[in-house]
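All remarks here apply to the structure that follows.
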Amino acid sequence: MNEDPPRKRAATYLWAAAGPDTDARLLQQRTLLAAFGASQGLELVAEFADHGAEPTTGLANRPGLVALITAICRGEFAVTLAEDADALSQDPLQRELMLHELQNAGIDFLTANAKALTPAEEASSCHLREVLNAYTDFGAHDAVAALRVARPRMSALARVRSEIQRMRERKINFTSIARRLNDLGLRTADGAPWTRMSAFEFSRGM
């Protein structure tokens with residue numbers, strides 16, 4: 001019996017300004033994104049949220065966004081949902097840089113109006129976190145320097161995605177996929193050898 005293709009895994013990111021309606025705004029976004037995710041056939045596996053800090057500040061005041069980036073680097077999901085792109089940043093330069101890096105990470109960033117802001121492409125995932133760290137280090141207006149730091153740090157996870165996709169198209173089971181990845185010298189995000197279960201879990205985030 002053929003395995004049913006899993007639903008694409010997605011996470012939501014919520015942001016609301018500090019104020020008397022903060023909880024209501026977060027609940028409104030949660031409800032909106034749950035309905036949108038269901039309409040797209042997505043499996044919502046995680047929620048990340050920040051409130052209070054303006055979305056133009058650095059990552060130090062946005063633990064929810066830091067956690068989201070960490071999960072992206074681990075390949076835990078392939079789609080991120082938000083009410084709108086301003087949840088990432090209201091600074092146009094910073095927002096465009098972040099969207100660019102989400103695209104490079106192979107992540108679809110969808111807003112509640114169903115517009116895909118970053119088409120998924122095969123690329124690195126873990127340099128997203130590095131470019132944002134560099135962005136914080138260099139300042140909000142030195143995007144070129146941040147990208148210069150990030151670009152050489154391409155992750156092997158891009159190759160893992162490509163190999164798994166190719167083998168799944170050939171109906172190869174996950175035990176054999178894990179063996180092949182290990183034979184190629186590829187490792188998980190934690191640096192461990194691949195197993196049948198880790199290969200399967202990673203594929204669910206593709």
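The values are calculated or read from the model by the stated rules, or taken from the named source; none is laboratory data. This structure is a prediction, so every number in the text was calculated from the model and none was measured. Glycine also receives a Cβ, built like all others from the backbone with ideal geometry; neighbour counts cover every protein chain displayed.
Among the residues of the stretch 195-206, those identified as touching a residue at least 24 places away in the same chain (Cβ under 8 Å) and not hydroxyl-bearing (Ser, Thr, Tyr) are ALA199, PHE200, PHE202, ARG204, GLY205, MET206.
Cβ-Cβ contacts under 6 Å between residues 6 or more apart (or on different chains), taken from a first residue in the stretch 160-173 that is farther than 20 Å from ASP190 by Cβ to a second residue that is among the aliphatic types (A, V, I, L, M), are listed as MET167/ILE177. Of all positions in the stretch 144-161, none carries a residue that is modelled with pLDDT of 90 or more, touching a helix residue (DSSP H, G or I) at 6+ places or on another chain (Cβ under 9 Å) and within 25 Å of GLN103 (Cα to Cα).
Considered as a group, the residues in the stretch 11-28 that are in contact with a Ser or Thr (Cβ under 8 Å, 6 or more places away or on another chain) and not hydroxyl-bearing (Ser, Thr, Tyr) include one that is modelled with the highest pLDDT, and that residue is ALA11. Of the residues making up the stretch 158-206, those that are closer than 22 Å to ALA71 by Cβ, assigned to a loop (DSSP other than H, G, I, E, B) and of a type in the set (Gly, Ala, Ser) are ALA189, GLY191, ALA192, GLY205. Of the numbered criteria (1) part of a strand (DSSP E or B); (2) over 30 Å from THR188 (Cβ atoms); (3) modelled with pLDDT of 90 or more, the one THR80 fails is (2).
Counting residues in the stretch 34-56 that are modelled with pLDDT under 85 and part of a helix (DSSP H, G or I) gives zero. A count restricted to the stretch 169-197 and to residues that are modelled with pLDDT under 90 and surrounded by 15 or more Cβ atoms within 10 Å (Cβ to Cβ) stands at 4.
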